[in-house]
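Structure first, then comments.
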Amino acid sequence: MPELKQLHADHASAVMAFELANRSYFAASVPDRGDDFFGRFTARYNALLAEQEAGICAFHVLVAEDGSVLGRFNLVDIEDHTAELGYRVAQHVAGHGVATATVRELCRLAATQYGLRTLRAATTSQNAASQKVLTKAGFAPVGPADPAHLGGKPGTWYQRDLVL
């Protein structure tokens, strides 16, 4: 059974493998991270861990029984009991309810573990799968997202108020 875990230094190689294996799949619906992301992965990964330690963000990985990463689920820019949700799942588990179930679990953790009251998420207009995940997980559209926030693509902000 896959398990949602807070990002840890020991996850680095599995996260890199996940990102590399799914790079072209992700690039079809979200802006590509670019070669620099992979070239400077260790430094960037350590910076994420430092942000998490500072309480600015909370990063999670969905880990399969074999230790591989099936998805990344992040709460970023935590401030005033609000955070932005970001997520991505591996191509081989997409369309099987994994993202929806894990987003729901992260919403529960956001309220109970991190004391958050509101989550926001932006998705491009072309990413119907992400829109479906957000809607099924209790998010509602609240307005247009700045294309600069979505790699130059038009999109929508979604929001979910969390109930303790």
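The values are calculated or read from the model by the stated rules, or taken from the named source; none is laboratory data. Owing to the predicted nature of the structure, the values given are computational and were not obtained by experimental measurement. Quick reminder, even Gly has a Cβ in these numbers, built from the backbone with ideal geometry, and neighbours come from all protein chains shown.
Couple of notes before you dig in:
- Selection within the range 55-104 - more than 22 Å from residue 21 (Cα to Cα), assigned to a strand (DSSP E or B) and either of a type in the set (Val, Ile, Thr) or out of contact with any Leu (no Cβ under 8 Å at 6 or more places or on another chain) (or both): 76, 77, 78, 79, 82
- Cβ-Cβ under 9 Å pairs, at least 6 apart or on other chains, the range 31-42 side aromatic (Phe, Trp, Tyr) and at pLDDT below 85, far side surrounded by fewer than 12 Cβ atoms within 10 Å (Cβ to Cβ) and not in a helix (DSSP H, G or I): none
- Unique residue being under 18 Å from residue 60 (Cα atoms) and part of a helix (DSSP H, G or I) when the list is 120, 108: 108
- Once the range 123-148 is narrowed to residues that are assigned to a strand (DSSP E or B) and of a type in the set (A, V, I, L, M, F, W, C), the residue that is farthest from the chain's Cα centre (by Cα) is 142.
Yes/no matrix, rows are residues, columns are (1) modelled with pLDDT of 95 or more; (2) polar (S, T, N, Q); (3) within 14 Å of the chain's Cα centre (by Cα):
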| site | (1), (2), (3) |
| --- | --- |
| 74 | yes, yes, yes |
| 83 | yes, no, yes |
| 91 | yes, yes, no |
| 120 | yes, no, yes |
| 150 | no, no, yes |
| 157 | yes, no, no |
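- Residues that are touching a strand residue (DSSP E or B) at 6+ places or on another chain (Cβ under 6 Å) and crowded, with 16+ Cβ neighbours inside 10 Å, drawn from the range 77-92: 82, 83, 84, 85, 86, 87, 88, 89, 90
- Among the residues of the range 31-52, those that are among the hydrophobic types (A, V, I, L, M, F, W, C) and in contact with a helix residue (DSSP H, G or I) (Cβ under 8 Å, 6 or more places away or on another chain) comprise 37, 38, 41, 49.
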